[in-house]
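Notes follow once the structure below has been shown.
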Amino acid sequence: MENQLKKLINKLEISEKKVTELQNDILKLREENEELRDANDSLEQYTRRNSVRIFGIKEGESEDIYREVLDPFKNQMEVPITKDHIDRCHRVGRFKVGAKPRPVIVKFVSYGFHSMVFNSKRKLKGSGIIVCEDLTKIRVDILNNAVEQFGGIQSQQFIVPSGVPRGSNLGPLLFLLIINDLPSYIKGCECLIFANDVKTYKEVANVEDCHTLQHNRVRNLGVNLRSDLRWDDHVEKIVNTSLKSLAFLMRSIQDLKSVMAIQLLYNSLVRSKLEFASAIWNSGQIIH
């Protein structure tokens with residue numbers, strides 16, 4: 001009886017081992033299937049890179065689909081697209097009387113014509129015609145789920161006392177509003193602006209012009225300049241900044257054992273700040 005029980009336990013352990021192996025194989029096959037599905041989806045989407053899907057074009061039983069598509073291209077979007085620039089053009093699905101117009105897929109002969117149309121789609125605002133990317137079914141489902149889940153959500157309003165919020169649509173506009181008034185506040189000198197790089201200049205005809213031009217400290221490409229050509233302010237700033245970075249690094253690597261990793265982090269976060277443009281400021285005085 002005891003031997004039979006041992007045999008049953010042994011068979012059960014063998015069966016459990018096989019089940020575990022089969023479960024691992026199934027999991028591996030699922031992962032491989034997902035990878036193949038994603039790769040296939042990427043390839044399919046790539047074949048659609050020259051195509052757009054257009055919604056809202058009026059539909060009739062006997063229509064010239066090329067003429068219906070080219071009309072908004074020419075009259076509303078004002079893009080020089082002709083029939084020769086279109087490889088294929090057709091509606092999606094079966095025609096149903098009284099139903100909404102079926103979307104139209106337009107495949108252009110090159111990606112350049114696709115970009116020309118897609119970049120001008122805002123001109124169709126208010127016309128009822130919408131130009132979209134021709135997405136695969138997987139990507140359409142993801143987009144629809146995202147719209148269903150987040151479509152009605154808006155971010156909360158907040159006050160921006162200074163600076164520009166990164167990654168926002170209003171960021172570039174706020175930056176222009178802030179920076180464009182700068183020349184009107186600079187007295188006695190001319191000013192050139194390129195993005196956030198500002199240069200002041202003035203024709204120096206006498207000592208007074210020299211004092212006017214060099215009255216304030218200037219930050220140029222990360223280096224703080226003074227009218228007396230001393231680097232005390234710059235050195236003080238980079239030392240303070242580097243000490244803050246070093247303190248943050250020391251708190252973050254308490255459990256890190258790799259010397260190479262610590263050295264890499266130090267060189268990246270601390271030493272890079274200390275040695276930035278050192279050929280300019282470090283050669284000025286022996287004390288630095």
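Values computed for the structure shown
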read-out: Considering residues of the stretch 129-186 that are of a type in the set (Val, Ile, Thr) and at pLDDT below 85 only, the residue farthest from Pro101 (Cα to Cα); value: Ile186
read-out: Hits in the stretch 27-54 (condition: over 27 Å from the mean Cα position of the chain (by Cα) and either within 23 Å of Val92 (Cβ to Cβ) or among the polar types (S, T, N, Q) (or both)); value: Asn33
read-out: Check on Glu59, farther than 16 Å from Phe108 by Cβ, surrounded by 10 or more Cβ atoms within 10 Å (Cβ to Cβ) and not assigned by TED's automatic domain parsing to the domain that holds Gly98; value: no
read-out: Test: residue in the stretch 63-74 that is assigned to a loop (DSSP other than H, G, I, E, B) and not charged (D, E, K, R); value: no
read-out: Output for the stretch 79-111, where each listed residue is under 14 Å from Ile129 (Cβ atoms) and loosely packed, with under 13 Cβ neighbours inside 10 Å; value: Lys100
read-out: Subset of the stretch 244-276 (residues that are among the hydroxyl-bearing types (Ser, Thr, Tyr) and surrounded by 14 or more Cβ atoms within 10 Å (Cβ to Cβ)); value: Ser245, Tyr266
read-out: Some residue of the stretch 3-20 being exposed (fewer than 10 other Cβ atoms within 10 Å of the Cβ) and either outside any helix (DSSP H, G or I) or among the aliphatic types (A, V, I, L, M) (or both); value: yes
read-out: Flag if Ser42 is at pLDDT below 90, closer than 28 Å to Arg122 by Cα, outside the structural domain of Val92 (by TED's automatic domain parsing) and assigned to a helix (DSSP H, G or I); value: yes
read-out: Top-ranked residue in the stretch 60-92 [being out of contact with any helix residue (DSSP H, G or I) (no Cβ under 9 Å at 6 or more places or on another chain) and more than 24 Å from Lys125 (Cβ to Cβ); ranked as modelled with the lowest pLDDT]; value: Glu61
read-out: Tyr66 being closer than 30 Å to Gly93 by Cα, free of Cβ contacts under 8 Å to residues at least 12 places away in the same chain and among the aromatic types (Phe, Trp, Tyr); value: no
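The values are calculated or read from the model by the stated rules, or taken from the named source; none is laboratory data. Predicted, not measured: the structure shown is a model, and the values here were computed from it. Glycine also receives a Cβ, built like all others from the backbone with ideal geometry; neighbour counts cover every protein chain displayed.
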